[in-house]
Amino acid sequence: MPITHTISDGIAEVVMDNPPVNALTVAGWFELAAIVRSLGEDPNVRVLVLRAEGRGFNAGVDIKEMQATEGYTALIGANRGCYAAFAAVYECAVPVIAAVNGFCLGGGIGLVGNADIIVAATDATFGLPEVDRGALGAATHLARLVPQHKMRAMVYTSATATAAELHQFGSVLEVVEPNGLRAAAMRLAAQIAEKSPTVIRAAKESLNGIDPVDVKRSYRFEQGFTFELNLSGVSDEARDAFVDKRDVGFDQ
């Protein structure tokens, strides 16, 4: 199963495991959204840990699925699925801890940027390769991880940032060796699980209420430009080149 979950001692653990790179299909994004929301509504859950197995945390949408589907069905599905999953993490009634290993790209940034707390392995890297894929999106969430001008440079160049950099910015709480990542996330979750669940749920709602940016509206605005780019034809060429593992020369 690409996504599994367990509950123990008030801690819900959601694990993405979809080799080779933990890119999720349209169905996978909606499944993740449904799991996170249902766990947040479970009175037995006091905190949620979101992590992954394999080479990296999440590589975003399954571009191969998108290019193998006629028309815009997969594109619309991926956009709606990502929107649903990101919102589920942000609106989860309990705190969400993202435990990030390896690469965290595209949709992975959306998940992590909407989480309450981030712990990362020393090998973790964060980035948005969207410009190279003829798309836009999740700059809303990257802006919650790095300063404004760093975010812009990362979007324009598709460069990545390390866990150590994000720790310096204050967005990553702790950086640990890869083999200690799950333990670090679970220790933090246990500390939260010891608190009054009523107070913690109120704290989560109150903190969302004072956020200076409406992340759902901001991300939806970004998605509109992805549709424009698809209508222009540039996105298909970029995605085809990615699937074919070749360079693409942009002339528009």
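The values are calculated or read from the model by the stated rules, or taken from the named source; none is laboratory data. Since the structure is predicted, the reported quantities are computational estimates derived from the model, not experimental observations. In this analysis, Cβ positions are derived from the backbone assuming ideal geometry, glycine residues included, and neighbour counts consider all displayed protein chains.
Would a scan of the stretch 57-70 turn up a residue that is modelled with pLDDT under 95, over 26 Å from Thr125 (Cβ atoms) and not small (Gly, Ala, Ser)? Within the stretch 57-70, one or more residues are modelled with pLDDT under 95, over 26 Å from Thr125 (Cβ atoms) and not small (Gly, Ala, Ser). Taking into account only those residues within the stretch 41-52 that are among the charged types (D, E, K, R) and assigned to a loop (DSSP other than H, G, I, E, B), which is nearest to Ala78 (Cα to Cα)? Among those residues, the one meeting the criterion is Asp42. Being in contact with a helix residue (DSSP H, G or I) (Cβ under 9 Å, 6 or more places away or on another chain) and within 25 Å of Arg46 (Cα to Cα) is a property that Val146 lacks. Scanning the stretch 122-163 for residues that are crowded, with 22+ Cβ neighbours inside 10 Å and modelled with pLDDT of 95 or more returns Ala124, Phe126, Leu128, Ala138, Thr140, His141, Leu142, Leu145, Met154, Ala161, Ala163. Selection of the stretch 200-219 for residues being surrounded by fewer than 16 Cβ atoms within 10 Å (Cβ to Cβ), in a helix (DSSP H, G or I) and among the charged types (D, E, K, R) yields Glu205, Lys216, Arg217. Selection of the stretch 1-40 for residues being part of a strand (DSSP E or B) and either touching a residue at least 12 places away in the same chain (Cβ under 8 Å) or closer than 17 Å to Phe103 by Cβ (or both) yields Ile3, Thr4, His5, Ile7, Ile11, Ala12, Glu13, Val14, Val15, Met16, Leu24.
Please go through the stretch 72-93 and pick out each residue that is of a type in the set (Ser, Thr, Tyr) and either within 17 Å of Asp214 (Cβ to Cβ) or touching a residue at least 24 places away in the same chain (Cβ under 8 Å) (or both).
Passing the criteria: Tyr72, Tyr83, Tyr90.
Taking the criterion of being surrounded by fewer than 19 Cβ atoms within 10 Å (Cβ to Cβ) and assigned to a loop (DSSP other than H, G, I, E, B), the residues of the stretch 164-185 that qualify are Gly170, Leu173, Glu177. From the list Leu188, Leu145, Leu136, the one residue that fits, being outside any strand (DSSP E or B), more than 24 Å from Ser38 (Cβ to Cβ) and more than 14 Å from the chain's Cα centre (by Cα), is Leu136. For the stretch 62-99, enumerate the residues that are in a helix (DSSP H, G or I) and more than 17 Å from the chain's Cα centre (by Cα). Answer for the stretch 62-99, where residues must be in a helix (DSSP H, G or I) and more than 17 Å from the chain's Cα centre (by Cα): Lys64, Glu65, Met66, Gln67, Thr73, Ala74, Leu75, Ile76. Of the set (1) among the charged types (D, E, K, R); (2) modelled with pLDDT of 85 or more; (3) surrounded by fewer than 13 Cβ atoms within 10 Å (Cβ to Cβ), all apply to Asp244 but (2).
Here is a check on your reading of the model: is Leu111 more than 14 Å from Cys82 (Cβ to Cβ) and either modelled with pLDDT of 95 or more or part of a strand (DSSP E or B) (or both)? No.
Which is out of contact with any helix residue (DSSP H, G or I) (no Cβ under 9 Å at 6 or more places or on another chain) and surrounded by 24 or more Cβ atoms within 10 Å (Cβ to Cβ), of Gly54, Gly108, Gly71?
Values: Gly54 fails: surrounded by 24 or more Cβ atoms within 10 Å (Cβ to Cβ); Gly71 fails: surrounded by 24 or more Cβ atoms within 10 Å (Cβ to Cβ).
None of the other options fit; the residue is Gly108.
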